[in-house]
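Colleague: Mind looking over this structure? Questions follow.
The values are calculated or read from the model by the stated rules, or taken from the named source; none is laboratory data. In this text, all values refer to a predicted model and were calculated from it rather than measured experimentally. A quick note on method: Cβ atoms are made from the backbone with ideal geometry, for glycine too, and the neighbour counts reach across all protein chains shown.
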């Protein structure tokens, strides 16, 4: 096209010069004896270019005819031979995956001397699995006449195609064939018609067996909300292993994968689908993004699931045809659903009811407030417990322990344990104690008891009165009297009998 345009410009320039030589001379405005005006403006290259563009639009057929009339075939030596063109490729990597890096080059041997060589235009073409024809891939490459090296009688050069860097873009794997389309301005051919040496990596037609490595869940990233209520927020998360997609340079866009969440009972024997769905939940994700599912996507559980434990796994699929495309994660455990909240428990209190010295012989007072969250709950049974190293998980000994009272959703009911409550004995002296309450329905945390609450340290004092008090003196006299009587009896029984 460029040569034809140059030929047209040359012819019109010659015509213009002829017109200037033999055409009628124009007279200036100051000349006598002739009319003013006469010749028009001269035709320059810019105007001529505009004329050509306009003619091409107005009458393309006539424009093409003018090109044929004015175009002269470029001179070519009869000694010119079309160069040999091969694909150059690593012969040890004919079986690859979609994610493997590839390096495709062109090798050219040109038997012509530099004087008669032509520029070569190379375009890599590919025929993908099940395709019936070759399609161009990447950008056209140009080999100039002076880009060759010489070795003996061989003139050669090479160039690397910038694309593809991998076959990650394929949607179907299998046999992939590649060749090079060649043009030198006169001859058009492909590398398939050229001599080759596949054993050394010079291919007329390159055939590759491309397989798929499906995405895989990184099992160390599996996680689920560990504890929740059946109607609370539950989220499952995972990430993919690196299988090549992060290093693919030829893809401007990453592929989309489909991830599916599978939920099972604790034993993994029955799959549980989301509510109103006869199949597991599936979502699309872009390769490299975190995979997640949660209760905002779909409701998974009902009130009947409260208190139960579940397991799960995640399958991922890239929908690639012609080979494996799906993998499964390991089994994850959870969620462990809490029981449904029935009551609201608050203000658990326990202390020494006498003077706060935490003596073992004192009476103690324990209390907690309970309010119904579920209107169907009418009565609640609460039990108070203490815990010491020598008496762990000991129910408080009291006539009203456990205590059953009516509850409602309007006001909290106070459960008090303060009737002759003496939870400790002398062996608990000097020990720390804690206390807690249990109930027969689930609280707002899905639990059946409060957390253990620190009650402090029990006094090291073992007796309940001072030494100088009347009670103390009386006790000492009794101890001395008992000792005296014991001594007399021992003396009479053993020593006197021994003397006889």
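Colleague: On the basis of being outside any strand (DSSP E or B), within 22 Å of residue 240 (Cα to Cα), touching a residue at least 60 places away in the same chain (Cβ under 8 Å) and not assigned by TED's automatic domain parsing to the domain that holds residue 416, does residue 297 make the cut?
Modeller: no
Colleague: Name every residue in region 275-287 that is part of a loop (DSSP other than H, G, I, E, B) and loosely packed, with under 14 Cβ neighbours inside 10 Å, in order of residue number.
Modeller: Passing the criteria: 275, 276, 277, 278, 279.
Colleague: Picking from 358, 411, 400, 419, which residue would you name as being within 24 Å of residue 444 (Cβ to Cβ) and assigned by TED's automatic domain parsing to the domain that holds residue 449?
Modeller: Answer to the selection: 411.
Colleague: What about residue 165, is it assigned by TED's automatic domain parsing to the domain that holds residue 93, within 24 Å of residue 241 (Cβ to Cβ), out of contact with any helix residue (DSSP H, G or I) (no Cβ under 8 Å at 6 or more places or on another chain) and touching a residue at least 12 places away in the same chain (Cβ under 8 Å)?
Modeller: Details: assigned by TED's automatic domain parsing to the domain that holds residue 93: yes; within 24 Å of residue 241 (Cβ to Cβ): yes; out of contact with any helix residue (DSSP H, G or I) (no Cβ under 8 Å at 6 or more places or on another chain): yes; touching a residue at least 12 places away in the same chain (Cβ under 8 Å): yes.
When the stated conditions are applied, residue 165 passes them.
Colleague: Looking at region 133-156, I want the residues that are on the phi > 0 side of the Ramachandran plot and have a partner that is surrounded by 12 or more Cβ atoms within 10 Å (Cβ to Cβ) and outside any loop (DSSP other than H, G, I, E, B) with Cβ atoms under 7 Å, at least 6 apart or on another chain. Which pairs are those?
Modeller: Listed by first residue and then by second, the contacts come to 138/124.
Colleague: Within region 124-137, is even one residue over 18 Å from residue 196 (Cβ atoms), in contact with a strand residue (DSSP E or B) (Cβ under 7 Å, 6 or more places away or on another chain), in a strand (DSSP E or B) and assigned by TED's automatic domain parsing to the domain that holds residue 200?
Modeller: Checking region 124-137: at least one residue is over 18 Å from residue 196 (Cβ atoms), in contact with a strand residue (DSSP E or B) (Cβ under 7 Å, 6 or more places away or on another chain), in a strand (DSSP E or B) and assigned by TED's automatic domain parsing to the domain that holds residue 200.
Colleague: Same structure, new question: In region 49-104, which residue that is modelled with pLDDT of 95 or more and surrounded by fewer than 16 Cβ atoms within 10 Å (Cβ to Cβ) is farthest from residue 138 (Cα to Cα)?
Modeller: 92
Colleague: Inspect region 336-353 for any residue being touching a helix residue (DSSP H, G or I) at 6+ places or on another chain (Cβ under 6 Å) and closer than 26 Å to residue 423 by Cα and give the result as yes or no.
Modeller: Taking every residue of region 336-353 in turn, none turns out to be touching a helix residue (DSSP H, G or I) at 6+ places or on another chain (Cβ under 6 Å) and closer than 26 Å to residue 423 by Cα.
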